[in-house]
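What follows is calculated from the coordinates using simple rules that are stated; it is not laboratory data. The shown structure was predicted, so the numbers you read here are calculated from the model rather than taken from an experiment. Ideal geometry is used to build each Cβ from the backbone, glycine not excepted, and the neighbour counts take in all protein chains shown.
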Amino acid sequence: MTHVEPLKLSLYQIDAFTRRQFGGNPAAVCPLDCWLPDATMQAIAAENNLSETAFFVRDAHGVRIRWFTPLSEVKLCGHATLASAWVWFHYIEPHADKVIFDSLSGPLTVTRSGEMLTLDFPAMAAQAMQLPSPLIEALGVTPLECHVVGEDWMAVVDSATMVRELLPQIAVIRQLDCRALIVTAPGDDCDFVSRFFAPKVGIDEDPVTGSAHTKLVPYWANRLGKNQLHARQLSPRGGELICELHGERVLMSGTAVPYMSGTITLPGNLSWSE
């Protein structure tokens with residue numbers, strides 16, 4: 001029997017949108033020479049059991065990025081893009097100050113200035129909707145407003161304290177007619193706060209959600225009459241974002257901290273894809 005050497009892949013775990021380890025949102029990042037089978041990437045994401053695992057491949061056309069939750073591939077992820085850019089700037093091109101990732105949501109540019117990384121993502125506008133009665137049961141409070149934004153719902157409540165102390169019914173949120181639920185309110189020490197729940201894709205509560213801020217920033221910019229916004233996500237780990245509405249784009253800035261690096265060992269007879 002022919003012996004086939006196992007495949008060795010680098011894996012990094014980065015805490016994104018935070019200045020300290022064990023804060024922000026942890027993401028796994030796996031740079032690849034070429035794509036693994038989708039089922040293998042999904043299995044790696046499930047094994048990592050983080051909100052998202054990012055994979056990227058550099059080819060003649062640029063750098064392509066994909067993101068997987070423990071249950072499925074997603075079209076956009078902010079914190080894992082920030083983490084991927086941190087890996088790019090520290091391990092792939094340490095002298096670069098910009099990287100452009102091609103994705104299912106179009107080109108995503110990340111620039112760096114010192115330790116600060118800035119994501120350039122597409123903005124998404126919210127549309128008001130009637131308050132669904134199951135939403136009150138899911139949150140245990142009655143939102144002031146409810147909006148649909150893409151595949152998600154956004155519930156606006158009275159205060160940052162209400163968002164922080166919220167005890168949502170995850171099983172009920174899983175049954176709502178949306179992919180994920182964002183809960184938001186004016187901030188006490190910032191412009192606005194939020195929390196993000198997505199049990200349908202395997203994330204009961206996401207610590208810090210860059211993609212949610214592509215939806216939150218246009219809403220709060222319009223409501224507060226300002227384009228530069230300071231945001232906090234009030235998950236138990238917590239996170240901080242400096243945001244700007246720039247036409248039809250949202251700029252989100254934050255820092256990232258490495259937690260660990262390692263090696264994935266896969267069977268050598270695995271079929272690779274282009």
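Worth pointing out:
- Stretched out straight at 0.36 nm per residue, the stretch from residue 249 to residue 125 would grow longer than its current Cα-Cα span by 43.6 nm.
- Neighbour counts of C-beta atoms inside 10 Å place 103, 159 in the sequence 159, 103, starting with the fewest.
- Rounded to the nearest Hz, the phi-derived 3J(HN,Hα) couplings of region 79-92 under the Karplus curve 6.51 cos²θ - 1.76 cosθ + 1.60 (θ = phi - 60°) are 5, 6, 6, 4, 5, 5, 5, 4, 4, 4, 6, 9, 10, 9, where x marks glycine and proline.
- Whichever lysines have a C-alpha closer than 16 Å to that of residue 75, once near sequence neighbours (fewer than 8 apart) are set aside: 200, 215
- Considering only 168, 185, 212, and ranking their Cα positions along the charge dipole of region 127-250 that arises from unit charges at the beta-carbon of Lys, Arg, Asp and Glu, the one farthest toward the positive end is 212.
- The P(r) of region 122-194 has a tail past 17 Å containing 40 percent of all C-alpha pairs.
- Straight-distance crosslink candidates among aspartates and glutamates, where the alpha carbon sits under 13 Å from residue 226 and sequence neighbours closer than 8 are dropped: 191, 244
- Percentage relative contact order, the chain, counting C-alpha pairs under 8 Å, at least six apart: 24
- Among the GluC sites (Glu not before Pro) in region 152-257, those placed in a DSSP loop whose Cβ has at most 12 other Cβ atoms within 10 Å are 248.
- Distance between region 201-274 and region 7-40 - C-alpha centres, whole angstrom: 14
- Karplus-derived 3J(HN,Hα), 6.51/-1.76/1.60, for each residue of region 24-36, Hz, glycine and proline x: x, 10, x, 10, 8, 10, 10, x, 10, 7, 7, 5, 7
- Principal-axis analysis of the Cα atoms of the chain puts helix 210-224 at an angle of about 30° to the longest axis.
- DSSP-loop trypsin sites (Lys or Arg not before Pro) across region 194-274, with at most 14 other Cβ within 10 angstrom: 226
- A Cβ-based charge dipole, computed about the Cα centre of the chain with Lys and Arg at +1 and Asp and Glu at -1, lands at about 180 debye.
- Taking chymotrypsin sites (Phe, Trp or Tyr not before Pro) as exposed when their DSSP state is a loop state and no more than 14 other Cβ atoms lie within 10 Å, the longest site-free interval of the chain runs over 23-271.
- Selection of trypsin sites (Lys or Arg not before Pro), region 1-35, meeting DSSP coil and at most 15 other Cβ within 10 Å: 19, 20
- Between the amide H of residue 246 and those of 251, distances stay under 5 Å, these residues lying 5 or more places away or on another chain, with hydrogens modeled in the peptide plane.
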